[in-house]
Structures are given as C-alpha cells and as structure tokens.
Amino acid sequence: MNTSMPNVFHSTGDFTVVGSEWIEQLKTVALQSPLRRSRLCLHQSEDDTLHEMIIAVARDCLFPPHRHITKVESYHMIHGRMVLIIFDDHGGPLRAMVLTPPVQGGVTCYRLGKPLFHAILPLDDVVVFHEVTNGPFKRGEAILADWAPTAHGELCAFLAESAVACGIDRALVGPP
C-alpha cells in the first residue's frame, strides 16, 4: 500500500483484500483527520477507467450537494448509516433514503446514473462505504450547487431539512 496523504491510501498490488482491519484503520484515521475522512483507493491510478474506494467519513464530515456530468456512481454500505439526498437543479429535495449495511435492514446499495445533484448526511460517529465510479479522476470536475449553503452549520441544517422534507424522521437527522 502507498499513502499519498495521511488519510488516503492507495492499492499498489494486483489485488487488494479489505477486511475488518482495514475498516477499523479507516475509521480511526477518519476520526483523527482534520478533514474527518479517509479512503482506501482500490484502483492504482487516477487515470484508471474504474475507480473503487472504501471511504470512511466522520459524522461531522459534509460534502456540499454536487453532480457529475459524465460519471456514474454507486455506494455500498459497510458500516454505519447515512442519508443520501437527491436534489433538483434548484435545490429542491427530490428523494432521500437511509443507507445502511445489510444487517440493519435499510437500503444497502444505490446507483446514480444521471447527473443529478446529491449529497450525503452521515448519521453515526463514523460511516464506511464502498464507492464505485468511472475514471479517470479530474480534479474540479464535480459541479457544486450554487444554491447550497457553504458554512458547515448551515449546510448541515439544510441537508437535515431536505431529508425531513422527503420523509426521513427528524429524530434520525437531528434538530433543525
């Protein structure tokens, strides 16, 4: 394994095996990282046509709503729960779902094949999921929603309210 940043690990072999040791390491690194996240890239290069990552995010790690014009992505839950929210072009929430590992009985996997705005809201101290998307990776190609708040507290409240507007229980996402 190769580490390019303290919270990003890269596969260097012909195959990579991920078990509980990797999951625990990613969770620990995410909770200790200033960025509040970590990832293991199973692909070897940013130029690969298929990108697979095991990603851990702390509950307070938020990404603003964004979309990818030429990418497809899917998430498969490994540990913890998070809300996935899909938005229209103007910031209206279209759909929200709680993603969970299979043993928790929720939605385990999702795939987004259209360039819709989306965001996640972690519900547990740390959440771990497997993300698959097409490459190559090009920094800055994600389009951020200009209608979304940028301040952390405002973004958290916006995502929570959007989830509630789509039928997610307020007790799950926290107070307004």
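Per the listing Phe117, Phe137, Phe158, Phe87, the residue uniquely of a type in the set (Phe, Trp, Tyr) and closer than 30 Å to Gly19 by Cβ is Phe137.
Each row is one residue, and each column tells you yes or no for (1) of a type in the set (A, V, I, L, M, F, W, C); (2) within 17 Å of His66 (Cα to Cα); (3) in contact with a Ser or Thr (Cβ under 8 Å, 6 or more places away or on another chain).
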{"residue": "Gly92", "(1), (2), (3)": "no, yes, no"}
{"residue": "Gln104", "(1), (2), (3)": "no, no, no"}
{"residue": "Leu116", "(1), (2), (3)": "yes, yes, no"}
{"residue": "Thr150", "(1), (2), (3)": "no, yes, no"}
{"residue": "Val164", "(1), (2), (3)": "yes, no, no"}
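Inside the stretch 10-49, residues that are in a strand (DSSP E or B), at pLDDT 90 or above and either farther than 28 Å from Ala157 by Cβ or out of contact with any helix residue (DSSP H, G or I) (no Cβ under 9 Å at 6 or more places or on another chain) (or both) make up a count of 2. Of the residues Cys41, Cys61, the single one that is in contact with a His (Cβ under 6 Å, 6 or more places away or on another chain), hydrophobic (A, V, I, L, M, F, W, C) and touching a residue at least 12 places away in the same chain (Cβ under 8 Å) is Cys41. Of the residues making up the stretch 130-158, just one is over 28 Å from Ile54 (Cβ atoms) and touching a helix residue (DSSP H, G or I) at 6+ places or on another chain (Cβ under 9 Å), namely Pro149. Evaluated against (1) small (Gly, Ala, Ser); (2) surrounded by fewer than 17 Cβ atoms within 10 Å (Cβ to Cβ); (3) within 18 Å of the chain's Cα centre (by Cα), Gly13 falls short on exactly one condition, (3). The number of residues in the stretch 108-151 that are loosely packed, with under 13 Cβ neighbours inside 10 Å, at pLDDT 95 or above and within 16 Å of the chain's Cα centre (by Cα) comes to 2.
Please work out which residue is nearest to Asp88 (Cα to Cα), limiting yourself to the stretch 134-169 and to residues that are in a loop (DSSP other than H, G, I, E, B), small (Gly, Ala, Ser) and in contact with a Gly (Cβ under 8 Å, 6 or more places away or on another chain). Among those that are in a loop (DSSP other than H, G, I, E, B), small (Gly, Ala, Ser) and in contact with a Gly (Cβ under 8 Å, 6 or more places away or on another chain), it is Ala145.
Among residues of the stretch 132-153 that are over 29 Å from Gly174 (Cβ atoms) and among the small types (Gly, Ala, Ser), those with a beta-carbon under 6 Å from a residue that is at pLDDT below 95 and not in a loop (DSSP other than H, G, I, E, B) at least six positions away or on a different chain give the pairs Gly135/His51. Using the structure shown, decide if Ala96 is touching a helix residue (DSSP H, G or I) at 6+ places or on another chain (Cβ under 6 Å) and either hydrophobic (A, V, I, L, M, F, W, C) or part of a strand (DSSP E or B) (or both). Answer is yes for this residue. The number of residues in the stretch 147-176 that are of a type in the set (Asp, Glu) and over 13 Å from Val98 (Cα atoms) comes to 2. Name the single residue that is farthest from Asp146 (Cα to Cα) among those in the stretch 65-81 being assigned to a loop (DSSP other than H, G, I, E, B) and modelled with pLDDT of 95 or more. Residue satisfying both the conditions and the ranking: Gly80. A single member of Gly91, Gly80, Gly105 is of a type in the set (Gly, Ala, Ser), over 22 Å from Gly140 (Cβ atoms) and over 15 Å from the mean Cα position of the chain (by Cα), and it is Gly105.
The values are calculated or read from the model by the stated rules, or taken from the named source; none is laboratory data. In this text the structure is predicted, and so the values were computed from the model without any measurement. Positions of Cβ are backbone-derived with ideal geometry, glycine not excepted, and every protein chain shown enters the neighbour counts.
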